[in-house]
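Below is one structure, written out as structure tokens; the observations come after it.
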Amino acid sequence: MNIAIVCYPTFGGSGVVATELGVALAQKGYQIHFITYGQPVRLSSFHKNIHLHQVYMEEYPLFRYQPYELALSSKMVEVVREYNIDIIHAHYAIPHAYTAYMAKQILHKEGLKVAIITTLHGTDITLVGNHPYYKTAVTFSINASDAVTSVSESLRKNTYELFDIQKDISVIPNFIDIEKRKKQPKTCHRAMLANPDELIITHVSNFRKVKRACDVVRIFHRILPYKKARLIMVGDGPDRENAQALAHQLEIQNYVTFLGNYLEVNDILCSSDLFILPSETESFGLAALEAMAEGVPVISSNAGGIPEVNKQGISGFLSDVGDIPSMVDNALIILKDRKTLARFKKQAFEEASRFDERKIIPMYENVYQKVMKEKKLF
């Protein structure tokens with residue numbers, strides 16, 4: 001089967017999941033064609049059966065905003081023609097599902113059939129997609145897809161509430177390669193991150209407002225009087241400067257390290273003792289899952305799909321958004337002593353194992369095969 005995966009190539013969860021899905025499918029013998037404007041950040045090495053088709057755009061003074069959707073749909077048509085693509089798998093509704101439909105109509109005129117599968121990831125629905133400027137087009141794109149999946153039950157519910165959706169939406173959660181992490185040699189650099197007597201607390205995000213990075217700093221500030229610790233902030237975005245300024249204001253800047261967009265996040269997570277994710281909204285909470293897969297318990301909000309990943313009192317604790325005192329109290333429960341921390345670390349890894357890719361990838365394969373049979377593409 002030849003599958004085109006259309007995604008954003010950035011550090012965001014949708015791009016990460018789309019890339020990891022493509023890699024896993026390629027290892028199983030599928031021919032995978034990534035169509036995007038840059039090399040996906042998780043596609044850092046050569047993989048058999050993977051092809052990258054980059055969307056290029058010319059700068060024209062006529063356009064105030066360059067028509068990326070037009071260039072993207074044209075590239076999709078080109079790739080489907082040349083490589084006999086069976087399925088276009090669009091990750092993120094805007095603009096990928098919409099442009100995939102445009103490409104499908106062009107191809108239909110030429111007598112070529114291709115199926116569209118759309119995976120909803122979060123802000124494409126709850127924030128951007130629900131904007132009046134986009135809502136009509138997003139609703140149409142989802143209903144025009146041959147199959148639709150969502151990364152959490154929470155997002156599935158939100159989609160039905162916010163849009164007039166006539167399609168069945170299958171929940172296929174995000175995943176992680178647990179076996180690979182078991183076998184992979186650890187390159188943890190704990191001694192480079194903290195002193196031997198310090199705990200390591202970590203946050204990883206794109207530092208958008210909804211991630212509430214300043215809450216992370218405030219939580220850490222309240223933990224410090226009770227525990228020797230260091231805070232590692234990984235990622236970059238509009239709220240990073242605010243978080244750095246707050247650390248200085250609270251006079252804890254010497255205990256907080258901002259690493260920016262550090263690619264080898266697992267090198268940090270495998271040294272960590274606690275992960276903080278106080279997000280205002282999360283469709284799934286992939287960052288929490290990646291932490292748990294390294295045996296790191298999670299202190300998080302109970303927003304969106306996070307409770308489907310982080311289990312209360314087992315892999316960590318959940319609190320209401322913005323409830324910093326509760327998050328501090330829960331963090332101190334986990335960090336109480338070595339025995340308690342070790343128990344939570346073990347439980348976090350066990351919970352992460354529920355999302356091993358060997359359990360999740362076949363769910364996507366079933367969707368592909370069902371669509372191919374219904375559309376008589378086999």
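The values are calculated or read from the model by the stated rules, or taken from the named source; none is laboratory data. All of these numbers come straight from a predicted model, not from anything done at the bench. Note that we place each Cβ from the backbone using ideal geometry, even for glycine, and neighbour counts take in every protein chain shown. Quick note on the areas: whole protein, heavy atoms, side chains included, nothing else; ligands and nucleic acids left out. Shrake-Rupley method; radii C 1.70, N 1.55, O 1.52, S 1.80 Å.
Quick notes
- Each label was represented as a point 7 Å from its Cα along the Cα-to-Cβ direction; for Leu70 and Glu153 these points are 4.5 nm apart.
- Positive-end residue, region 161-207 charge dipole about Cα centroid, Cβ charges, pick of Ser170, Cys188, His203: Cys188
- Rg ratio (alpha-carbon, reference 2.2 N^0.38 Å) - region 1-117: 1.03
- Cysteine residues of the chain whose C-beta has no other cysteine C-beta under 4.7 angstrom: Cys7, Cys214.
- Between 0 and 90°, nearest 10: helix 68-83 axis offset from the chain longest Cα axis: 70 degrees
- Top of Ala288, Ala352, Ala191 by mean-square fluctuation, Gaussian network on the chain, Cα under 10 Å: Ala191
- Net charge, Ile106 excluded, C-beta distance under 11 Å - Lys, Arg +1, Asp, Glu -1: +1
- Rough spin-label spacing in nm, given labels placed 7 Å along Cα→Cβ, for Leu224 and Lys48: 5.2 nm
- Label-point separation in nm, Ala245 to Val321, each point 7 Å along Cα→Cβ: 2.2 nm
- Heavy-atom surface of the chain, accessible at 1.4 Å and reported per residue (Å²): 46 Å²
- Translational D in µm²/s for region 56-174 (Stokes-Einstein at 20 °C, 1.002 mPa s, Kirkwood Rh from C-alpha pairs): 144 µm²/s
- According to the Cα-based calculation, Rg over Rh for region 190-321 is 0.93, with Rh computed by the Kirkwood formula.
- Between 0 and 90°, nearest 10: helix 135-144 axis offset from the chain longest Cα axis: 70 degrees
- Ligands, DNA and RNA left out, the 1.4 Å accessible surface of region 237-362 is 48% carbon and sulfur atoms.
- Base-10 log of normalised Debye intensity for the chain (one unit scatterer per alpha-carbon) at q = 0.07, 0.10, 0.12, 0.15 Å⁻¹: -0.33, -0.65, -0.91, -1.31
- Separation of the alpha carbons by more than 21 angstrom is noted, of Lys113/Lys135; Lys109/Lys167; Lys167/Lys359; Lys48/Lys370; Lys135/Lys157, for Lys113/Lys135; Lys109/Lys167; Lys167/Lys359; Lys48/Lys370.
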